[in-house]
Amino acid sequence: FKSEWRFSRGLTLELLDSRTDADLGETPGPAVGPFWKQFRHVGRLQECYMEALNTKKVKFDYRNKRYRGGCSKNARRVYLRALDRELIQTFERVDWKASIEWEGEMVSVFRHLMRMLAHETLHHGQWILYARLLQKPLPPGWKAWGV
């Protein structure tokens, strides 16, 4: 999981780094949030997944989430990197035999984390569309997705 997470999050950070604050304020169309909110979203959801490792129950909400940096690229980068450091530290103490409740379904810690990875990857697909609609290039590492 760690290596797959580093790959996926690495692409996320590469894309973030390839954009200016002005780029991140753009939206590809009406009723679609600006690019920067996508990066905030994956961080907030990562917080939810990490909280569930402690509470043994997933709860997706944005209350008490830490990101307060607005649309600053640097603030988002600092936020995501801090979450990743905490996630790696969590691996050292997590009970890999535990289960986490997902809407009444019990899933293993590994499956829970794979769902977090799948969520990040889902957003990669959305970001490819954002970039295409905004006519912005994707960074070199994104060739891994065939784009």
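The values are calculated or read from the model by the stated rules, or taken from the named source; none is laboratory data. Here the structure is a predicted model, which means the values were calculated and not measured. Cβ: placed from backbone, ideal geometry, glycine included. Neighbour counts: every protein chain shown. Surface accessibility is based on the protein's heavy atoms, side chains included, excluding ligands, DNA and RNA. Shrake-Rupley method; radii C 1.70, N 1.55, O 1.52, S 1.80 Å.
Between ALA31 and LEU117, what is the FRET efficiency for a Förster distance of 25 Å, r being their Cβ-Cβ separation, to the nearest 0.05?
On the way: r = 28 Å, r/R0 = 1.11.
The computed FRET efficiency comes out at 0.35.
Based on the inverse mean of 1/r over its pairs of different Cα atoms, what is the Kirkwood hydrodynamic radius of the chain, in Å? Please list the in-between numbers first.
Numbers: mean 1/r = 0.0622 Å⁻¹.
Result for the chain, one decimal place: 16.1 Å.
Dividing the summed helix terms, -39500 (n - 2.57) for each DSSP H run of n ≥ 4, by the number of residues in the chain produces a 222 nm estimate of -20000 deg cm²/dmol to the nearest 500. For the chain, a Gaussian network of Cα nodes joined below 10 Å ranks GLY29, GLY104, GLY125 by mean-square fluctuation, and the top entry is GLY104.
Largest accessible area first, the residues THR55, THR20 order themselves as THR55, THR20 under a 1.4 Å probe with ligands, DNA and RNA left out. What's the longest piece of the chain with no exposed trypsin sites (Lys or Arg not before Pro), counting a site as exposed if DSSP puts it in a loop and it has at most 15 other beta carbons within 10 Å? No qualifying site falls inside 1-55, the longest such stretch.
In the range 6-82, taking the dipole from charged Cβ atoms about the Cα centre, the farthest positive-side position among SER18, MET50, SER72 is held by MET50. The count of lysine pairs in the chain whose Cα atoms are under 15 Å apart, excluding pairs fewer than 8 places apart on the same chain, comes to 4. Between GLN135 and ARG77, full extension at 0.36 nm per residue minus the direct alpha carbon distance yields a gain of 18.6 nm.
For the chain, the dipole from Cβ point charges (+1 on Lys and Arg, -1 on Asp and Glu) about the Cα centre works out to 240 debye, to the nearest 20. Annotation: the range 95-147 has a Kirkwood hydrodynamic radius of 13.2 angstrom, from the mean reciprocal C-alpha pair distance. In a simple Cβ point-charge model (Lys, Arg +1; Asp, Glu -1; nothing else charged), the range 68-147 has a dipole of about 600 debye relative to its Cα centre.
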